[in-house]
Amino acid sequence: MRKFFVITAIGKDRPGIVAGVSKVLFDLGVNIEDSSMTILRSEFAMILIISTEEGVDASDFESHFRELSDKLSLFISVKGIEEREVCSKKPYSGMPYIISVIGTDKPGIVYRVAQLLSSKKINITDLNTKVVPGERTPVYTMIIEVDVPEYVDIALLEEEFSLLEKEMAIDISIREIEVLEL
Amino acid sequence: MAVLPALKYPHPTLRAKCTAVLETNEEIRRIINDMTETMYASPSCVGIAAPQVGYPLRMFVMDVSRKIGQKKNHGLLALINPVLVYSEGEKITREGCLSIPDFLGNVKRARRVIVKGLNPEGWEVEILSTGLEAIAMQHELDHLDGVLFIHRVSSLGTDLVRRKNPLDNILP
């Protein structure tokens, strides 16, 4: 039985973060199962799912990461996860859709859209936002990928979106992700 | 006829450059029938190339009408030794592949293509495809050269996505 952990590391971007974190893991004999790393403005963030031999605890990583996190000013966290959570073949059950939201930058766009989705038990699987310069004021754009449960009525959801569009003066569109299976 | 097991990446046959079919005979037609049956056995699959079911030969079957109905496509097609003779335009489509069951990829391909080849009876045919059929043609042509859609995505971060609904193992 192997044990699974999720590790996150965030810090000011510079060369050597990935090398540093993966060296610690390599030296510990840890296997990196899956990872996602990206940069946002000046901050670099890593999420890793790792597996270890049995008998390893989250606290065991602490001492090994300390020197690195001091040197590179990284914020590192380690959390144990169940194998069945990691290996579950069917984490989502609905249909994939893409929602795009565009409007003048103002507080509450992410919150109000996310709140509506949450109230319908629609799970957000990916979300990116960007502020782009507009003609007079900056324009806020948000692209969300969601997993829509089968029982959700898309026409009804679109009606609720159109209420929110009027209230917040934003444009919201939703479309099914078309996948060509070959 | 038989439903064949689909090879999964990184099986070496999927990376091989396939060889031309020398003669369109009964054996070739039998394989094409099996490929067709295999395609129809997978609920949303609209195309299968021979190497995906273990034959490193230059041929594929497709039927885009399963997804988009009768309009703007040729329905069931089987092409032997196909060659791309013309392509124009650009279109990005999210592609899935029986051989890479856990991922989908956003791939940029030509919008219109003309493909020449032999039909199962050995007659030369030339097919003009647009839209999803053109995309499917290019995906299948790639298979014959050992190229998979993961080789065509430009960013793992934005163009390669984990399936939110993994393919059930419908195929044996």
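We did not get these values from a lab; they are worked out from the coordinates using the rules stated. From a predicted model like this one, the values you see are computed outputs, not experimental measurements. In this analysis, Cβ positions are derived from the backbone assuming ideal geometry, glycine residues included, and neighbour counts consider all displayed protein chains.
Quick look at the values:
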quantity: Averaged over A:173-181, number of beta-carbon atoms from partner chains that fall within 10 Å; calculated: 6
quantity: Relative contact order (percent, whole number), segment B:95-135, Cα cutoff 8 Å, 6+ residue spacing; calculated: 34
quantity: Amide H within-cut-off set for A:D13, under 5 Å, with H built and near neighbours excluded; calculated: A:E43, A:F44
quantity: Dipole moment magnitude, nearest 20 debye, segment B:12-162 about Cα centre, only Lys, Arg, Asp, Glu C-beta charged; calculated: 580
quantity: Given 11 as the ceiling on other Cβ atoms within 10 Å, longest exposed-site-free region of chain A for GluC sites (Glu not before Pro) in DSSP loops; calculated: A:1-53
quantity: Positive-end residue, segment B:1-99 charge dipole about Cα centroid, Cβ charges, pick of B:V64, B:A50, B:I80; calculated: B:V64
quantity: Computed E for A:S22/A:E62 - FRET, C-beta separation, R0 25 angstrom, nearest 0.05; calculated: 0.90
quantity: Coordinate range along principal axes, alpha carbons of segment A:100-151, Å, largest first; calculated: 41, 16, 12
quantity: Segment B:L84-B:E27, length gained on full extension (0.36 nm per residue, minus Cα span); calculated: 18.0 nm
quantity: Number of partner chain Cβ atoms within 10 Å, mean per residue of B:89-101; calculated: 2
quantity: Total formal charge among the other residues, if their Cβ is under 13 angstrom from that of A:S36, Lys/Arg +1 and Asp/Glu -1; calculated: -2
quantity: Size of electric dipole in the protein assembly as shown: Cβ of Lys, Arg +1 and of Asp, Glu -1, about Cα centre, debye, nearest 20; calculated: 600
quantity: Sorted largest first, extent of segment B:12-162 alpha carbons per principal axis (Å); calculated: 45, 33, 28
quantity: Chain B, relative contact order in percent, only Cα pairs under 8 angstrom and at least six apart counted; calculated: 26
quantity: Within segment B:24-97, GluC sites (Glu not before Pro) in DSSP loop having at most 13 other beta-carbon neighbours inside 10 Å; calculated: B:E90
quantity: Over chain A: helical MRE at 222 nm, DSSP H runs n ≥ 4 each giving -39500 (n - 2.57), nearest 500; calculated: -9500 deg cm²/dmol
quantity: Selected from B:I48, B:I92, B:I100 as most flexible by GNM, with chain B as the system and alpha-carbon contacts under 10 Å; calculated: B:I92
quantity: Convex hull volume per residue for the protein assembly as shown, taking Cα atoms only, in Å³; calculated: 186
quantity: Coil-residue trypsin sites (Lys or Arg not before Pro) of segment A:46-141, DSSP, other Cβ within 10 Å capped at 13; calculated: A:K89, A:K121, A:R136
quantity: Computed over chain A, the ratio Rg/Rh where both radii use C-alpha atoms and Rh is Kirkwood; calculated: 1.06
